[in-house]
Amino acid sequence: MKVWVLGSGSRGNATVIDNGSTRVLVDAGFSSRELKRRFASAGIAPESIEAVIVTHEHNDHVCGAARSAQRWKWTVHATAGTVGGAPELVAADVRTFDSGATLTFGTMSVQTVPISHDATEPVAVVATDIVSGARAAVALDLGRLTTQLRDAIREVDILVLESNHDEAMLARGPYPPSVQRRIAGVTGHLSNREAAVIARVCAHSGLQHLVLAHLSEQCNTPDHALASVSAALARSRFRGRVTAAQQDAVHGAFVAGRRSRAQQLALAL
Ligand SMILES: [Zn+2]
Ligand SMILES: [Zn+2]
């Protein structure tokens, strides 16, 4: 299983998940032209993407989806709530799914998980390679960790997790109090401290890559996010790598190896 984060932040998000035979894009929050440039930098042909899953209707997740899907013949998958908030999607080959549904693309199974965010029907995604059992999750734009999401992401091999803001930087940053409350609220965005708590919950010995994402450019820095999460992971069973994804960089491929039969059986219990 391979993952590329083509860029992440409030100005655009897009993540490629590849199980060796199927490639799926999670969010297309850059223009089609910008996506093409970022795909090239990752060595990925846009035509090799089978589908784009749009997690919610906010512009930094959806703005390039319809145009790119038409251009490169992708199917678009989104909840009815997301399509309602981004009506331009109906110009593409769009398929709606119920929040919580599991989608199948070739040998990749993708579980969608409802999340707490101020969009109509937002989801996180957990992709599983049906053959090897390797799993990768993308959980961005969430105000808090629900039990359902915790259970879905706690055993993944690659986790792309929001680590949006440093709480002190948010408090003294440029945003008015109403915006600060929205960002810090339970339907807003995860702080570094909250991401660290979640990282600790998910820090099993098989987690190979933790990618911190959707970092605020005004109220966070990669060093703040990495320091917070690394402190929480000290003395945990985590033996993988932590990376802070940035808005203007392409990161990856993050690679997770094949799971042993014992690991697959343990997860099936
Ligand atoms: Zn976002
Ligand atoms: Zn959002």
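The values are calculated or read from the model by the stated rules, or taken from the named source; none is laboratory data. Remember, predicted model here, so these are calculated numbers, not experimental data. Using ideal geometry, Cβ is built from the backbone for each residue, glycine included, and neighbour counts are taken over all protein chains shown. Each accessible area value is taken on the protein alone, full model and side chains, heavy atoms only, with ligands, DNA and RNA left out. Shrake-Rupley method; radii C 1.70, N 1.55, O 1.52, S 1.80 Å.
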Considering only region 55-78, how many residues are under 10 Å from L89 (Cα atoms) and of a type in the set (V, I, T)? 2
Filter region 198-212 down to the residues that are in contact with a strand residue (DSSP E or B) (Cβ under 9 Å, 6 or more places away or on another chain) and open to solvent by 20 Å² or more (accessible area, probe 1.4 Å), then identify the one that is nearest to ligand 2 (Cβ to nearest atom). H209
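Okay, residues lined up against (1) in contact with a Pro (Cβ under 9 Å, 6 or more places away or on another chain); (2) of a type in the set (D, E, K, R):
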| site | (1), (2) |
| --- | --- |
| V5 | no, no |
| N13 | no, no |
| V16 | no, no |
| N19 | no, no |
| A28 | no, no |
| K36 | yes, yes |
| V52 | no, no |
| H56 | yes, no |
Can you find a residue that is part of a helix (DSSP H, G or I), more than 12 Å from ligand 1 (Cβ to nearest atom) and open to solvent by 60 Å² or more (accessible area, probe 1.4 Å) anywhere in region 10-27? no
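When you look at G84, is it over 18 Å from the mean Cα position of the chain (by Cα) and not in a strand (DSSP E or B), yes or no? Walk me through it before giving the result.
Working: over 18 Å from the mean Cα position of the chain (by Cα): yes; not in a strand (DSSP E or B): yes.
For G84, the condition - over 18 Å from the mean Cα position of the chain (by Cα) and not in a strand (DSSP E or B) - is met.
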If you go through region 213-231 one residue at a time, how many are surrounded by fewer than 20 Cβ atoms within 10 Å (Cβ to Cβ) and either in contact with a strand residue (DSSP E or B) (Cβ under 7 Å, 6 or more places away or on another chain) or small (G, A, S) (or both)? 5
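From A139, A134, grab the single residue that is in contact with a Lys or Arg (Cβ under 7 Å, 6 or more places away or on another chain) and either farther than 15 Å from G188 by Cβ or within 16 Å of ligand 2 (Cβ to nearest atom) (or both). Full working, then the answer.
Numbers: A139 fails: in contact with a Lys or Arg (Cβ under 7 Å, 6 or more places away or on another chain).
Answer to the selection: A134.
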Give region 51-65 a look and list any residue that's open to solvent by less than 10 Å² (accessible area, probe 1.4 Å) and more than 10 Å from ligand 2 (Cβ to nearest atom), or say none. A51, V52, I53, V54, G64, A65
Output for Cβ contacts, cut-off 7 Å, separation at least six or different chains, first residue more than 13 Å from A213 (Cβ to Cβ) in region 133-145, second within 12 Å of ligand 2 (Cβ to nearest atom) and assigned to a loop (DSSP other than H, G, I, E, B), reads G143/S116; G143/H117; G143/T187; G143/G188; G143/H189; R144/S116
Can you run down the residue pairs with Cβ atoms below 7 Å, 6 or more apart or on separate chains, where the first is in region 46-60 and more than 23 Å from A101 (Cα to Cα) and the partner is more than 16 Å from ligand 2 (Cβ to nearest atom) and at pLDDT below 95? none
If a residue must be open to solvent by 10 Å² or more (accessible area, probe 1.4 Å) and either within 26 Å of H224 (Cα to Cα) or touching an Asp or Glu at 6+ places or on another chain (Cβ under 6 Å) (or both), how many such residues does region 120-164 contain? 9
Restrict the check to region 29-36 and report whether at least one residue is under 14 Å from the mean Cα position of the chain (by Cα) and open to solvent by less than 70 Å² (accessible area, probe 1.4 Å). yes
